[in-house]
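**Student:** Quick one: the structure is below, and I'll ask about it shortly.
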Amino acid sequence: MGILKKYGKKGSDSNSFTDFKKTAYFRHYIMTQRDILMRFFRLVIISILNISFLFGQVDSLMIKRTDALIETYYNLTYNDPDSALRILDSAERLAREINYLKGVSSVLRQKGLFYSERSEYVKSMEFLLKALKEDEKLSNHDGIGMDLLFIGLNFYHQGKAAESFSYMDRAKKTYIQINDEAGEAMVNSNLGMIYRNTNRFEEALDSYLKVRDFYIRDKNERNLSRVENNIGNIYKDLKKYDKALEHFFVALDLKTKLKDLFGLVLTYSNIADVYVATNNPQQAFKYYEMALKLAKEQKAVGRQKDIHLDLSKAYEKQGNLQKTLENYKLYSLLKDSIISEKFNKDLADMKVKYDSDKKESENIVLKKDNELQLTKIRQERIMKLFFAALFVIVFCAALLVLIQYRNKQKLNKQLEQINAKVNNQNSTLRQLNVELIKSEDELREANNTKGELISMISHDLYNPVTSVINYTSGIIDKSIELSRDDLLRSLEMTGNAVLPLKDLLDNILQWARIQKNSIQPKREEIDVIAILKEIVTVYQPTASFNNIAIDLKHDIIHNVHSDRLMISFILRNIINNAVKFSPPHKKIAVEIEQLNNSIQISVLDEGKGFSEEMLNHLNSLDSTSITSVPTEGSGIGLAVSKKFIRLLNGSLKFYNRSTGGAGVSLIINQA
């Protein structure tokens, strides 16, 4: 039953019309002020967007200039390293000025590579770690992956394999995290190279196979041809020559399709190397000649030199000293020629390229400097306009806020009074409603329990009272005819009929104490055997009257530290029920068993046992509830027994015996 049902709508009172007028006035005021604020802030936002657009144009030009300087570095890095490094310094300063953090990390990464290519690994590592730190701030996962990869390669060149593999693994995980398969393939390719160079061929093969799978999905035939060639080399290192040839021929088909002539020279040579290793000189010389012919057509003097050296070794293995000597001479001539030609050519090319690149770089730098000066002038003008507009906006905003504040203070006082009154009423209603609901529930529960208890007690009283009436009537009617023995037997039967009334009254008394929570166990050393003997003595006459035998079986049992009255009460209820529900001419066994830290008392009868519904109910019965399953008793004794068992930290289990009849087991803890 809720508040609205008891008291009407929430917050209603006699002054509701006055409150409605105040609320309506406040809403009208808020709507008017909101329109003013919306127009004002729309003007502010438009102004800020225009200024942001102008600043965005400036930043865009500066970013392009930074990227152009990095591109200029690429053109000069080999021919004029000093100038290239100065350009990187300029790019870094510019990127930091405009807070172009991604550009800063890119410059730091290029500086790291610059020093790595010159074998200055310590200095290279310094810049690569700085780049990694910047990229981590930006959560630039692509940049983080490249930084980790280059740091790993740096460690590899320093001979620190463990650190190298650690950073390579982090780079791979970074690319996997952002689902960048191309980046992951790049890391695996470098890992394959390092594994092969450190003779870890199986791991190299695993890395290259992953790269191969990606390039197949990506349909990148050029890179796939290179990976197939690398896989063939790994199998060649592992001396799995059939697998090596399989991948070399796949690479050969791809390179032929792509017209990759230099790649064909390399693959032909690799195939020839395999045939040399498998003692197939005819095929080896065939592919060496094909490679040599193609290298001459391409004027690839370096490859010609390597092929003649391989031919020299192959012929030496065959014992053909003449061919061995011829090819070695050609190898030596080409080697000397390459050194001389390369030196002269490189010298001339470097001079020409240096002059060209230097002039081009100077022109680019000069052009960018002019653009930067113009940008700075525009930026200064924009800043002046911005601060002027900002001053006007701030002044208007301050004035508007002051007006709003004064008006709001007046209305706040009125609203606080209304809200306080409504809140007080609501609080009172809620509290009264909760109390009424609680009282209703308690009263309903008490009435239900009372009615159920009266019904059950009446049922339990009926049979004993009826029996007493019948027995006493019989004694009175036949008092003259009865002998002394018959009279004593009749009085004994009357006493047995009254005995359940005593048990019922005891059960009701204990149940009432439990309802008031006024009972607690008083633990002492008790003799369980003695208690059982007393109880059996009490119920033996009733059992004997129905020709029921009570058999007490026990070993030597130590005393138990527990509550004597509670244990006695529980056992009386169990044995009483066994006597009550056992058919005539049957036996009740009371067995005691010593467990580890407790004893178990089992009362076993030979009656019809429990129904499944009754058994489930008895084992799940709450300690203070009265059974609702139809029985021949009220269930008060069982409810009290359950409560006592819980207070004593014991347990009570009901079950049907396999040989027929019911069983109840009580477990009493020693402490």
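The values are calculated or read from the model by the stated rules, or taken from the named source; none is laboratory data. Quick caveat, the model's predicted, so the values are computed rather than measured. So basically every Cβ, Gly included, is an ideal-geometry build from the backbone, and we count neighbours across all protein chains shown. Protein only, heavy atoms only, side chains kept; ligands, DNA and RNA dropped before computing areas. Shrake-Rupley method; radii C 1.70, N 1.55, O 1.52, S 1.80 Å.
**Student:** May I ask you to compute the full-extension gain from Ala182 to Ser620, defined as 0.36 nm times their residue separation minus their alpha-carbon distance, rounded to one decimal in nm?
**Tutor:** Computed gain between Ala182 and Ser620 is 151.2 nm.
**Student:** Long-range amide H contacts for Leu552: which residues qualify at under 5 Å (H placed 1.01 Å from N, peptide plane, sequence gap of 5 or more or a different chain)?
**Tutor:** Residues meeting the amide H criterion: Val590.
**Student:** Same structure again: Under the Kirkwood approximation for Rh and a Cα-based Rg, what ratio Rg/Rh is obtained for the range 399-441?
**Tutor:** Taking Rh as the inverse mean 1/r over Cα pairs, Rg/Rh reads 1.43.
**Student:** Output the Cα-based Rg and Dmax of the range 193-280 in Å, rounding Rg to one decimal and Dmax to a whole number.
**Tutor:** So, for the range 193-280, Rg and Dmax equal 12.4, 38 Å respectively.
**Student:** Moving to a separate point now. What length, rounded to one decimal in nm, is gained on full extension from Asn197 through to Ile418, with 0.36 nm per residue of separation minus their alpha-carbon distance?
**Tutor:** Extending this stretch completely gives an extra 71.2 nm.
**Student:** Calculate the spin-label point distance for Asn99 paired with His157, positioning each point 7 Å from the Cα along the beta-carbon direction, and give it in nanometres.
**Tutor:** 3.5
**Student:** Now a separate question. Along each of the three principal axes of the Cα atoms of the range 118-195, give the extent in whole Å, ordering the values from largest to smallest.
**Tutor:** The Cα atoms of the range 118-195 stretch 31, 28, 19 Å along the principal axes, largest first.
**Student:** So for Thr324, Thr198, Thr256, what's the accessible-area order with a 1.4 Å probe, most first?
**Tutor:** Thr256, Thr198, Thr324
**Student:** Using a Förster distance of 51 angstrom, determine the FRET efficiency expected from the C-beta separation of Asn596 and Ile403, and round it to 0.05.
**Tutor:** For R0 = 51 Å, the calculated efficiency reads 0.05.
**Student:** Something else now. What's the extension gain from Asp242 to Ser544 if we count 0.36 nm per residue and subtract their Cα-Cα distance?
**Tutor:** Using 0.36 nm per residue and subtracting the Cα-Cα distance, I get 98.8 nm.
**Student:** Using a 1.4 Å probe, what is the accessible area per residue for the range 98-165, in Å²?
**Tutor:** 43
**Student:** What FRET efficiency, computed as 1/(1 + (r/R0)^6) with R0 = 25 Å and r the Cβ-Cβ distance, is obtained for Asp555 and Asn656, rounded to the nearest 0.05?
**Tutor:** 0.45
**Student:** Going down the table (Lys259/Lys296; Lys219/Lys296; Lys137/Lys210; Lys438/Lys643; Lys296/Lys317; Lys533/Lys553), which pairs top 20 Å between alpha carbons?
**Tutor:** Pairs exceeding the cut-off: Lys219/Lys296; Lys137/Lys210; Lys438/Lys643; Lys296/Lys317.
**Student:** Calculate, for Arg523 and Asn220, the FRET efficiency according to 1/(1 + (r/R0)^6) with r their C-beta to C-beta distance and R0 60 Å; round to the nearest 0.05.
**Tutor:** Efficiency for this residue pair is about 0.10.
**Student:** Here's something else I'd like to know. When all protein chains stay in place, what accessible area (Å², nearest 10, 1.4 Å probe) is found for Phe610?
**Tutor:** 50
**Student:** For the range 226-325, build the convex hull from the C-alpha positions and give me its volume per residue in Å³.
**Tutor:** 86
**Student:** If the viscosity is 0.890 mPa s and the temperature 25 °C, what Stokes-Einstein diffusion coefficient in µm²/s follows for the range 74-160 when Rh is the Kirkwood radius over Cα pairs?
**Tutor:** Calculated translational D: 189 µm²/s.
**Student:** Whole percent per 10 Å bin, from 0 to the bin with the longest distance: what is P(r) over all C-alpha pairs of the range 525-569?
**Tutor:** Spelled out bin by bin, the range 525-569 gives 25, 46, 24, 4 percent.
**Student:** Taking the alpha-carbon set of the range 535-627, what are its Rg and Dmax in Å?
**Tutor:** 14.6, 39
**Student:** Further question: Between Leu261 and Gln318, how many nm apart are label points set 7 Å from Cα along the C-beta direction?
**Tutor:** 2.7
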